[in-house]
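See below for the structure under consideration.
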Amino acid sequence: MEALFNPTYQPIWALVLALALFLPIRRLIWVLYMRRAQKRGEDLEEIGSRLFRRSTITAALLALVFSYMYTAYLFQG
């Protein structure tokens with residue numbers, strides 16, 4: 001088991017962490033987008049799918065960057 005936690009597997013662990021974080025981050029970002037749209041008085045049913053696609057892209061990028069940086073820090077020493 002200890003062999004799995006060496007720096008050669010760092011990209012795999014980054015991907016696993018990104019996959020684990022993707023859904024909660026997407027949901028959080030989507031809710032924040034919807035609340036901001038609601039405060040602006042926009043029609044939520046009309047722009048809901050567009051905001052969901054935007055939150056998917058944002059969450060994917062955020063999860064990948066965070067997980068790579070975290071695992072790089074974790075495996076450096």
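FYI, it's all coordinate maths here, none of it is from the lab. Being a predicted model, the structure only gives us computed values, none of them experimental. Virtual Cβ from ideal backbone geometry, glycine too; neighbours counted across all protein chains shown.
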key: Complete set of residues in segment 1-40 that are of a type in the set (Val, Ile, Thr) and more than 15 Å from the chain's Cα centre (by Cα)   = Thr8, Ile12
query = In the set Thr71, Thr56, which member is in contact (Cβ under 8 Å) with a residue 60 or more places away in the chain and under 16 Å from the mean Cα position of the chain (by Cα)?
reply = Thr71
note = Of the conditions (1) surrounded by 11 or more Cβ atoms within 10 Å (Cβ to Cβ); (2) on the phi > 0 side of the Ramachandran plot, the single one that Gly41 does not satisfy is (1)
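The rows are residues; the columns are (1) polar (S, T, N, Q); (2) within 30 Å of Glu2 (Cβ to Cβ); (3) part of a helix (DSSP H, G or I).
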| site | (1), (2), (3) |
| --- | --- |
| Leu28 | no, no, yes |
| Arg35 | no, no, yes |
| Gln38 | yes, no, yes |
| Arg53 | no, no, yes |
| Ile57 | no, no, yes |
| Phe66 | no, yes, yes |
| Ala72 | no, yes, yes |
remark   = Residue pairs qualifying under the 8 Å Cβ cut-off, at least six apart or on distinct chains, with the first in segment 21-43 being under 22 Å from Phe66 (Cβ atoms) and the second being among the aromatic types (Phe, Trp, Tyr) and assigned to a helix (DSSP H, G or I), are Leu21/Phe66; Trp30/Phe52
query = Of the residues Ala3, Ala63, which single one is touching a residue at least 40 places away in the same chain (Cβ under 8 Å) and of a type in the set (Gly, Ala, Ser)?
reply = Ala63
